[in-house]
Each structure stands twice: as C-alpha cells, then as structure tokens.
Amino acid sequence: MNIAENYPLLHTINLPEDVRKLSRAQLIPLSKELREFLTHTVSLSGGHFSAGLGTVELTVALHYVYNTPKDKLVWDVGHQAYPHKILTGRKERMPTIRTKGGVSAFPKRQESEYDAFGVGHSSTSISAALGMAIAAENKGEDSRMVAIIGDGSITGGMAFEAMNHAGAIDANLLVILNDNDMAISPNVGAMNNYFTKIISSKLYSSVREESKKVLSGLPSVWELAKKTEEHVKGMIVPGTLFEELGFNYIGPIDGHDIDMLVDTLRAVKGLSGPVFLHIVTKKGKGYAPAEKDPLAYHGVPAFDRTKDCLPKAAPSPHPTYTQVFGRWICDMADKDQRLLGITPAMREGSGMVEFSECFPKRYFDVAIAEQHAVTLAAGQACQGAKPIVAIYSTFLQRAYDQLVHDVAIQNLDVLFAIDRAGLVGPDGPTHAGNFDYSFLRCIPNMLVMAPADENECRQMLTTGYNYDGPASVRYPRGKGPGSTVNTDFSELEIGKAEIRHKGGRIAILAWGSMVTPALEVGKHLGATVVNMRFIKPLDEKIILEMAKSHDVLITIEENVLAGGAGSAVNEFLQAEQILMPVLNIALPDRFIEQGTREELLAECALDMPGILSRIEDFCA
Ligand SMILES: Cc1ncc(C[n+]2csc(CCOP(=O)(O)OP(=O)(O)O)c2C)c(N)n1
Ligand SMILES: CC(=O)[C@@H](O)[C@H](O)COP(=O)(O)O
Ligand SMILES: [Mg+2]
C-alpha cells in the first residue's frame with residue numbers, strides 16, 4: 001500500500017497534532033482521503049465498516065478541535081473508531097486489525113494513549129467520561145471529556161444512569177449522539193422514535209440553516225451563549241428529554257458537514273456543564289454499497305471494493321450453531337403458541353431473522369438492553385409464556401443479577417440460547433464468552449448444557465425448552481463438527497452423559513466444543529472419552545464409574561478453569577473422598593487477545609495437539 005502516493009494528505013498525519021496544524025480548508029480533503037483509506041484497508045482485512053464510514057468527519061473534527069490525548073474521546077462500543085485509529089498513529093498497521101498481534105478491534109488503553117477507555121460492549125461511554133471528568137476536576141486538571149455514543153448504544157440503560165448522574169451534578173462533559181438511525185439492524189424503540197421525530201420535525205431543517213449561519217459567521221453569538229445558555233437552548237428543538245435531564249441539548253446538526261462540526265465543537269468546548277450534541281450521520285457514508293445496505297456492511301470479511309456486493313459464503317451442507325438455533329426456534333414456535341423470542345439488538349447474529357419475519361408478534365428486539373431482556377422474559381414466564389432469550393455469552397454478563405434475582409430465584413421457565421460461547425476470535429477479549437459455565441453453574445435451579453455437535457444442540461434446545469425452570473444451552477461461534485441435524489423434537493435425559501469411546505487407563509470427560517478434539521486424542525491414546533453434555537446437573541454416576549475403572553481423569557472444557565466444569569468434577573470427587581490423579585484442561589486465568597478461533601484454541605492448548613501434549617506430560 002503506497003500511502004504517500006495515494007493518500008498525500010493523510011500521509012502527513014501521524015498523530016492528531018498533525019491534524020491540528022492543517023488549515024480549515026484541508027479538513028475536507030483529509031476526510032475524503034481518510035474515508036478512501038478506511039475503505040481500502042477494511043477491504044483487505046475485513047472488520048467493522050459501515051459505522052466507521054459514518055464517523056469520518058466527526059473524527060477529524062474532534063481531533064482538530066480537542067487537544068487529544070489530554071482531552072479524552074470515549075468511543076462507545078468502539079466499532080466506529082477505525083478512523084480514530086488511523087489518525088492516532090496506527091494507519092500503517094490497519095490491515096492487521098483484528099488479527100493475532102495486530103491492531104485491536106476496539107479502542108484499548110494498552111494500545112494507544114489516544115484510546116481513553118477500553119470498549120467493546122455498548123453504553124459505557126457516558127459513565128466512563130463522567131468518571132474522567134470528575135477525577136480531572138478533583139485534580140484541578142483542565143481536560144475536556146467527550147463521550148461519543150450511537151443511537152443504538154444510547155438505548156442501553158447505563159447511558160441513562162450516567163446522564164441521570166451527570167445532569168444532577170452539572171458535570172463538565174460533552175455527550176455526542178451519533179444518530180444514524182441504525183443499530184446493527186434498524187434501530188428500534190421509543191427512544192429511536194423520539195430521535196426520528198426530532199430529525200423529521202420541521203424545526204430540524206430551519207435549525208440547521210439558522211445554526212449554520214450563526215456558527216459560521218458569528219462566534220460572538222457563542223460567547224454570548226456561554227453567558228446565557230438559554231440562548232443556546234433556543235436554537236434547538238424545544239423541550240427535549242435531554243434538557244430535562246440537565247443537559248444543554250444542541251442539534252440536530254449534519255454530522256458530515258465538517259465546517260459545521262468544527263464550529264459547533266469549538267463553541268460547545270467553551271460551555272460549562274453537561275452538553276448533549278445530537279449529530280445526524282449516515283451509516284455507510286461515502287461507499288455506495290454500504291450506504292445501500294449498512295447492515296450487511298456492519299461487520300465484513302475482506303471484500304473486493306470494486307464490486308457492489310460482499311463475497312457470498314460458500315454453500316455448505318452444515319449449518320452453523322446459530323443457524324441450528326434459528327431453525328429450531330421457528331420449528332418450535334410453529335408447534336407451541338406460548339413460545340416468545342427475545343433478542344437484545346442481535347437479530348442477525350443470534351439467528352433470529354426468520355423467526356422475526358414468521359412470528360412478528362412473538363418476536364421482541366428490545367434494543368441494546370440485556371438486563372431488560374432477561375427480566376422481560378421473567379415477566380412473560382410468570383404469565384405462562386415460554387420465553388427464549390437469544391443472547392451472546394459475553395452480553396449475558398450484563399444481565400447477571402436479572403438472571404439470578406428475576407429468573408432463577410423464582411425458578412421461572414426461561415430458556416437461554418447462549419451463542420458465541422468460548423473464544424470468539426477477532427473481536428478479542430471483550431467479546432469472548434469464557435466465563436458462562438462458571439457463572440451459570442453456581443446458580444441454583446439452572447440447567448446448563450453444552451452440545452458436542454449440531455444435532456445435540458437441537459436436542460438440548462428442546463430439552464431446555466421442556467424443562468420446567470431456567471435452562472441454558474451454550475454453543476460456540478461458527479460451525480460444529482458437522483453432524484446431521486434431525487428435524488424432530490427429541491430430548492436428552494437430564495444429567496445424562498454418553499460414552500463416545502471406550503479405552504483403558506485414562507478417562508477424558510469433555511464438554512461441548514471440546515468433545516471433538518477429545519475424541520481424536522482419546523482414540524490416539526486409547527483413552528475412554530465421555531461427552532458430558534451437562535455442566536449442571538453433572539452426571540455423577542458416570543464420574544464415579546470412570547473414577548473406579550480408570551487410573552487418571554482428564555476434564556476438558558472451553559471455559560476458564562475457575563468455577564467451570566472441571567472444578568465441578570473436582571468438587572464432586574472431593575465430596576466423595578475419591579483421591580486420584582485429575583488433570584483439568586481449560587482456558588487459562590487471563591484474558592485471551594484476538595486471533596482466529598483456531599489460533600486462540602491452539603494458543604490455549606485446547607486443540608488436538610495441545611490437549612495431547614498436556615495429557616502426555618501429565619501421565620509421563
Ligand atoms: C452490551 C452490548 N450489546 C450488544 C452489542 C453488539 N453491538 C455492537 S454495535 C451494536 C449496534 C450499535 O448501534 P449504534 O450505537 O447506533 O452504532 P452504529 O453501528 O449505528 O454506529 C450492537 C448491538 C455490544 N457491543 N454491546
Ligand atoms: C461490535 C459488536 O459488538 C458486534 O458487531 C460484534 O462484533 C458482532 O460479532 P459477531 O460477528 O460474532 O456477530
Ligand atoms: Mg446507530
């Protein structure tokens with residue numbers, strides 16, 4: 001990639017201070033080059049794309065106006081922060097994004113001093129920026145804190161908890177709402193309707209024009225505004241929710257108009273107290289296929305930028321686990337009218353598209369609101385419905401209290417279809433689902449299952465659905481070993497494991513994704529291999545049998561060791577006063593960085609060669 005030749009202005013930008021040296025007139029060509037460079041590098045690497053296309057001008061304007069890194073930019077989620085990464089010293093390395101050892105998927109404090117806060121999960125930015133503002137003021141430090149949050153991410157309750165606080169203490173904080181009317185899929189909810197109302201109100205266009213005049217020509221008006229903040233309020237749609245929360249609401253303004261952005265940011269930088277700046281952008285801006293289909297271009301594989309569509313996935317007879325769930329929920333919904341399906345803003349990723357289309361009245365996208373999703377399900381279950389919460393393992397962490405307090409204590413009949421469990425790969429540690437065995441199995445009443453293959457996934461979903469109480473099935477990202485998935489509703493006996501291979505001295509107890517490599521190892525070593533299926537309840541009978549008839553027990557799971565399935569076996573053996581050599585193979589007690597799933601499994605010695613060598617070392 002010849003940056004100097006193809007991106008002459010961007011080439012001169014190593015750090016934001018270089019942006020600040022540019023003339024106002026150069027900001028438009030810089031934005032153009034930045035967008036082209038972003039498109040070029042993401043077409044090589046894959047990654048999050050359409051959101052970043054929409055934040056190009058905002059990123060340039062922010063680094064132009066604010067004195068980063070002393071002033072802090074806190075990007076919510078961080079999938080829209082690729083332009084920020086490019087302007088903050090990482091442009092040459094962008095093609096490595098999300099690869100092992102490469103630039104990380106999201107802002108990360110360890111990676112750059114310009115990444116003020118580590119992100120990946122949504123709706124944290126306002127709390128974090130507020131914390132920074134309070135601490136800076138306490139130190140007597142004059143730095144400005146800016147939270148940049150999308151219209152999807154602001155639907156998360158935390159964002160409102162933070163504004164509730166900021167508004168009350170009159171904190172010096174700028175919240176920028178980047179409103180593109182999209183989450184990953186089209187944004188939903190009353191808040192979204194409210195934003196649409198503001199934007200489509202007649203006032204928006206006139207405010208836009210008026211603001212433009214005021215902002216471009218008359219900085220003194222802003223001087224005045226500082227003194228009489230009511231005036232600023234007068235420039236906006238009156239009576240906004242955010243004003244009631246104690247914020248000075250400004251906007252909506254065009255988030256692709258760089259002059260307007262720079263003027264507005266300069267003006268609000270001088271204001272004291274919490275300010276809420278509402279900008280309107282287009283997700284996918286400037287790359288026609290992404291503008292047309294921002295959902296498809298939210299996260300992309302490498303692609304040919306000269307074509308107007310993404311590469312088609314190779315046809316495969318084997319569905320992913322997500323697809324197995326998507327098929328099953330439609331089949332079960334056909335059969336049982338009581339079934340209700342819930343997703344916290346992850347319709348596509350969780351395999352709910354067909355269900356949403358076939359059963360619109362029984363489908364609930366609750367926006368990015370995991371806590372609400374779980375308690376909503378609890379409420380539905382109280383009325384005799386059969387709710388299913390389809391959720392990524394990492395995002396279920398958000399709703400732990402709801403799981404315990406609202407669902408499990410009341411032994412309510414909710415099924416959790418937990419996707420992206422274990423190592424997810426390129427998104428890195430923020431998105432890994434490495435803890436769910438541990439945090440689920442300690443909850444009384446919970447049924448915790450992990451399928452060894454696709455057909456077992458379907459059977460477990462049916463088993464969990466028919467179980468009278470909280471149940472969970474957790475499965476990894478992508479495909480399994482490729483079993484044929486039946487279309488029936490067969491169930492598994494609860495708490496019953498199955499022996500997959502009979503052998504001699506060594507017995508391997510494996511869960512979920514680890515059954516396949518365990519089988520390979522078992523066959524190689526002549527060991528017994530058990531597909532344990534249940535993390536809770538454990539098949540204690542089979543553990544006793546294995547302990548009696550083997551010299552060594554090995555447990556293998558794709559979850560951290562602490563509190564996981566191997567720990568459950570250890571607890572049981574201890575309770576039974578069985579003393580024998582036991583090796584627990586699990587994820588280590590550290591956060592695993594990004595890479596492909598295969599690379600990470602190998603790094604953690606959870607692939608066939610890794611497992612084999614750990615067992616050989618142990619038994620030597
Ligand atoms: C707690 C949490 N739930 C779900 C997600 C998955 N997720 C990532 S981006 C996104 C949509 C965000 O929408 P918005 O904030 O409007 O940003 P945009 O992509 O439109 O720029 C979702 C649901 C997440 N990162 N964190
Ligand atoms: C930023 C974010 O949280 C999502 O976009 C996430 O990266 C999706 O992950 P999957 O690709 O596994 O659905
Ligand atoms: Mg959005």
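The values are calculated or read from the model by the stated rules, or taken from the named source; none is laboratory data. Just so it is clear, the structure is predicted and the values come from calculations on it, not from any experiment. Note that each Cβ is placed from the backbone with ideal geometry, even for glycine, and that neighbours are counted across all protein chains shown. Calculation scope for accessible area: heavy atoms of the full protein, side chains included, ligands and nucleic acids excluded. Shrake-Rupley method; radii C 1.70, N 1.55, O 1.52, S 1.80 Å.
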Note to self: Pairwise over distinct Cα atoms, reciprocal of the mean inverse distance: report the Kirkwood radius of the range 71-200 in Å, one decimal place.
What the structure shows: 15.6 Å
Next item on the list: Excluding residues fewer than 8 places away in the same chain, name every one of the aspartates and glutamates whose C-alpha is closer than 14 Å to that of Lys282.
Entry: Glu57, Asp151, Asp179, Asp181, Asp254, Asp257, Glu291, Asp293
Check: Using the reciprocal of the averaged 1/r over all distinct C-alpha pairs, how large is the Kirkwood radius of the chain in Å?
Finding: 26.0 Å
Next item on the list: Over the alpha-carbon set of the range 483-559, divide Rg by the Kirkwood Rh and report the Rg/Rh ratio to two decimals.
Entry: 0.99
Note to self: What whole-number distance in Å separates the alpha-carbon centres of the range 550-580 and the range 414-435?
What the structure shows: 23 Å
Note to self: About the Cα centre, and with charges only on the beta carbon of Lys, Arg (+1) and Asp, Glu (-1), how big is the dipole of the range 348-415? Nearest 20 debye, please.
What the structure shows: 160 debye
Check: Say the cut-off is 20 Å between C-alpha atoms; which of Lys72/Lys285; Lys70/Lys269; Lys21/Lys285 go over it?
Finding: Lys72/Lys285; Lys21/Lys285
Notebook entry, point to check: So what is the calculated 222 nm ellipticity per residue for the chain, using -39500 (n - 2.57) for each DSSP H run with n of 4 or more, over all residues, to the nearest 500 deg cm²/dmol?
Noted result: -11500 deg cm²/dmol
Notebook entry, point to check: Remind me, what semi-axes does the range 355-410 give for its equivalent ellipsoid, largest first in whole Å, using sqrt of 5 times each Cα gyration tensor eigenvalue?
Noted result: 19, 15, 8
Note to self: Let's test the formula: R0 of 45 Å, r as the Cβ-Cβ distance of Glu603 and Glu243. What FRET efficiency results, to the nearest 0.05?
What the structure shows: 0.35
Next item on the list: Run the dipole for the chain about the Cα centre, Lys and Arg Cβ at +1, Asp and Glu Cβ at -1, nothing else charged, and hand back the magnitude in debye, nearest 20.
Entry: 860 debye
Notebook entry, point to check: What number, in nm² with one decimal, is the all-direction average of the projected area of the convex hull of the alpha-carbon atoms of the range 498-619?
Noted result: 6.9 nm²
Check: Counting pairs of alpha carbon atoms under 8 Å apart in space and at least six apart in sequence, what relative contact order in percent does the chain give?
Finding: 11 percent
Next item on the list: Could you work out the Kirkwood radius for the range 1-79, taking every pair of different alpha carbons, averaging 1/r and inverting it, reported in Å?
Entry: 13.3 Å
Notebook entry, point to check: When the accessible area of the range 323-474 is computed with all protein chains present and a 1.4 Å probe, what percentage of it is carbon and sulfur?
Noted result: 52 percent
Item checked: Alpha carbon convex hull of the range 18-131, projected area averaged over orientations, nm² -> 6.8 nm²
Notebook entry, point to check: Roughly what angle does helix 258-269 make with the longest principal axis of the chain, taking Cα atoms, 0 to 90 degrees, to the nearest 10?
Noted result: 90 degrees
Margin query: Taking 30 Å as R0, compute the FRET efficiency from the Cβ-Cβ separation of Arg109 and Phe618 and round it to 0.05.
Written below: 0.20
Item checked: Qualifying aspartates and glutamates (Cα of each under 13 Å from Cα of Lys335; at least 8 residues distant if same chain) -> Asp488
Next item on the list: Using only alpha carbon pairs under 8 Å that are at least six residues apart, calculate the relative contact order of the range 14-155 and give it in whole percent.
Entry: 26 percent
Note to self: Can you list residues from other chains, or at least 5 along the same chain, whose modelled amide H is less than 5 Å from the amide H of Leu173?
What the structure shows: Gly273, Val275
Next item on the list: Quick one: plug the Kirkwood hydrodynamic radius of the range 323-474 (C-alpha pairs) into Stokes-Einstein at 20 °C, 1.002 mPa s, and report D in µm²/s.
Entry: 143 µm²/s
Notebook entry, point to check: Within the set Lys361/Lys536; Lys292/Lys312; Lys32/Lys85; Lys85/Lys479; Lys386/Lys479, which residue pairs have Cα atoms separated by over 24 Å?
Noted result: Lys361/Lys536; Lys85/Lys479; Lys386/Lys479
Margin query: Order 7-14, 474-481 from most to least packed using the mean count of other Cβ atoms within 10 Å.
Written below: 474-481, 7-14
Next item on the list: Please pull out the direction-averaged projected area of the range 259-301, using the convex hull of its alpha-carbon atoms, in nm² to one decimal place.
Entry: 4.5 nm²
Notebook entry, point to check: How many angstrom lie between the C-alpha centres of the range 299-334 and the range 350-377?
Noted result: 19 Å
Checklist line | Sequence-separation-based contact order of the range 445-553, relative, with Cα cut under 8 Å and 6+ spacing, percent | finding: 31 percent
Notebook entry, point to check: With every protein chain present, what is the per residue accessible area of the chain (1.4 Å probe, Å²)?
Noted result: 39 Å²
Check: What residue among Ala4, Ala162, Gln574 has its Cα farthest toward the positive end of the dipole of the chain, where the charges are +1 on Lys, Arg and -1 on Asp, Glu, each on the Cβ?
Finding: Ala4
Next item on the list: Count the net charge of all other residues whose Cβ sits under 13 Å from the Cβ of Ile134, scoring Lys and Arg as +1 and Asp and Glu as -1.
Entry: -1
Note to self: Give me the percent of accessible area attributable to carbon and sulfur for the range 1-90, probe 1.4 angstrom.
What the structure shows: 53 percent
Notebook entry, point to check: Rounded to the nearest 20 Debye, what is the dipole magnitude of the range 323-474 about its Cα centre when Lys and Arg each give +1 and Asp and Glu each give -1 at the C-beta?
Noted result: 180 debye
Next item on the list: Report, to the nearest 10°, how far helix 190-200 tilts away from the longest principal axis of the Cα atoms in the chain, using its own Cα long axis and a range of 0 to 90°.
Entry: 30 degrees
Notebook entry, point to check: Distance from the Cα centre of the range 279-296 to that of the range 98-123, in angstrom?
Noted result: 23 Å
